[in-house]
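The values are calculated or read from the model by the stated rules, or taken from the named source; none is laboratory data. Owing to the predicted nature of the structure, the values given are computational and were not obtained by experimental measurement. FYI the Cβ positions are ideal-geometry reconstructions off the backbone, even for glycines, and counts take in every protein chain you see.
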Amino acid sequence: MTTTFIPRNLAELQTPAPLVDAALLAGNLALMAEAWPGPRLRPHVKAHKCTELARHQRDVGHPGFTCATIREVEGMVAAGLGQDLLLANEVLDTTRLGALVAAGARVTAAVDSAFTVEAAARGGVREVLIDVNVGLPRCGCSPADAGGLAELARAAGLEVRGVMGYEGHTMMVKDRADRARQVADSMALLEQAHAAVGGPIRSAGGTGSWDLNVSATELQAGSYALMDTDYASLGLPFGPALSILATVISVNQGGWAVADCGLKALGMDHGNPSLSDGSAVWFCSDEHIVFSPPEGGSLPSVGDRVRVLPAHVDPTMAYHERLYLVSDDRVQEAWPVDLRGW
Ligand SMILES: Cc1ncc(COP(=O)(O)O)c(C=O)c1O
């Protein structure tokens with residue numbers, strides 16, 4: 001077995017390296033746990049893919065988690081965090097989930113069709129939520145079909161715990177009043193479906209609706225823990241805990257500099273990242289970020305360190321093997337990003 005040397009001093013870290021500010025992370029977890037205490041929050045692990053971070057979420061009171069992939073469910077069970085896992089996604093081969101259930105984990109799967117109901121029953125999953133389309137054109141049955149699907153699931157021997165409906169299309173609506181109205185519209189659809197389905201759970205929401213969703217019995221937020229610049233643009237009160245440490249590798253006196261954090265270290269689907277010092281980002285290529293100093297600022301020197309703030313946290317984390325929990329210039333701990341893959 002090879003052991004990886006983890007430097008204690010930030011200056012010695014190889015870059016690009018994801019840094020998580022310990023105080024900002026703790027603040028984000030505490031703020032959300034105050035608003036959605038205990039089982040009312042079912043943190044989505046796809047936003048960080050790290051069981052150590054999930055353990056911290058468990059330690060502030062949340063016993064159950066949301067997952068997006070079978071691998072995430074398996075990893076959470078292996079880490080001893082399998083008390084109540086929701087796979088908020090459709091799965092047609094549930095054999096691996098059934099094996100976890102047989103070994104004692106509690107795994108609930110989302111179903112939105114006769115196919116996924118049949119797959120859950122066949123593979124040994126015992127509990128399901130009816131996944132309802134509440135406006136995001138992705139998975140989910142129509143609200144009018146939810147009751148019938150629940151009947152089908154019960155007839156197949158499955159326990160129906162309720163409904164889920166992710167109002168993802170509302171998360172980035174900039175105007176807060178408009179966002180609130182759209183979240184309410186979505187939740188009216190989920191409530192309609194829930195009335196026909198029954199069960200104790202109405203699972204919904206994310207970081208963008210954390211203070212607007214008044215209908216969910218449990219919120220599935222994930223990004224709030226580490227945050228990204230896209231969510232920060234909404235003015236949410238969660239701090240930018242995640243940054244990618246990068247090293248300036250080239251400086252051009254024509255007015256730009258290059259650091260070693262390119263699009264293979266960043267989720268770019270929500271646009272360019274930002275630099276924490278306000279530098280203007282020109283573009284990212286595979287292994288480079290090209291930027292110019294802020295108005296009135298001077299060019300950095302080769303070897304300087306910069307902090308890159310990703311626009312989208314989830315795919316960013318999926319690129320990295322480990323994250324570093326830091327306080328000022330000290331590396332406190334290294335946590336494996338162990339839920340990557342499928
Ligand atoms: C099913 C589901 N629930 C909840 C979320 C919310 O996550 P976040 O808080 O990161 O927006 C997502 C994000 O894409 C999702 O796909």
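Quick rundown of the values:
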| item | result |
| --- | --- |
| Residue that is farthest from G148 (Cα to Cα), among those in the range 214-232 that are of a type outside the set (S, T, Y) and more than 11 Å from the ligand (Cβ to nearest atom) | A232 |
| So R154, is it modelled with pLDDT of 95 or more, part of a helix (DSSP H, G or I) and farther than 17 Å from S215 by Cβ | yes |
| Residue in the range 172-190 that is touching a residue at least 40 places away in the same chain (Cβ under 8 Å), within 11 Å of the ligand (Cβ to nearest atom) and closer than 27 Å to H56 by Cα present | yes |
| Condition check for S243: in contact with a Lys or Arg (Cβ under 6 Å, 6 or more places away or on another chain), part of a strand (DSSP E or B) and touching a residue at least 12 places away in the same chain (Cβ under 8 Å) | yes |
| Selected residue (criterion: nearest to A232 (Cα to Cα)) from residues of the range 1-50 that are within 16 Å of the ligand (Cβ to nearest atom), among the hydrophobic types (A, V, I, L, M, F, W, C) and in a loop (DSSP other than H, G, I, E, B) | W36 |
| Failed item, numbered, when T3 is tested on (1) in contact with an Asp or Glu (Cβ under 8 Å, 6 or more places away or on another chain); (2) at pLDDT below 95 | (1) |
| Tally, over the range 95-123, of residues that are in contact with a strand residue (DSSP E or B) (Cβ under 8 Å, 6 or more places away or on another chain) and surrounded by fewer than 15 Cβ atoms within 10 Å (Cβ to Cβ) | 0 |
| Condition broken by E74, with the remaining ones in (1) over 18 Å from I130 (Cα atoms); (2) within 16 Å of the ligand (Cβ to nearest atom); (3) crowded, with 21+ Cβ neighbours inside 10 Å satisfied | (2) |
| Which numbered condition D131 fails, given (1) touching a Phe, Trp or Tyr at 6+ places or on another chain (Cβ under 9 Å); (2) assigned to a loop (DSSP other than H, G, I, E, B); (3) within 30 Å of S233 (Cα to Cα) | (2) |
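Per-residue answers, yes or no, for (1) among the aliphatic types (A, V, I, L, M); (2) in contact (Cβ under 8 Å) with a residue 40 or more places away in the chain; (3) more than 16 Å from L10 (Cα to Cα); (4) within 16 Å of the ligand (Cβ to nearest atom):
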residue	(1), (2), (3), (4)
S285	no, no, yes, no
P310	no, yes, yes, yes
Y319	no, yes, yes, no
E333	no, yes, no, no
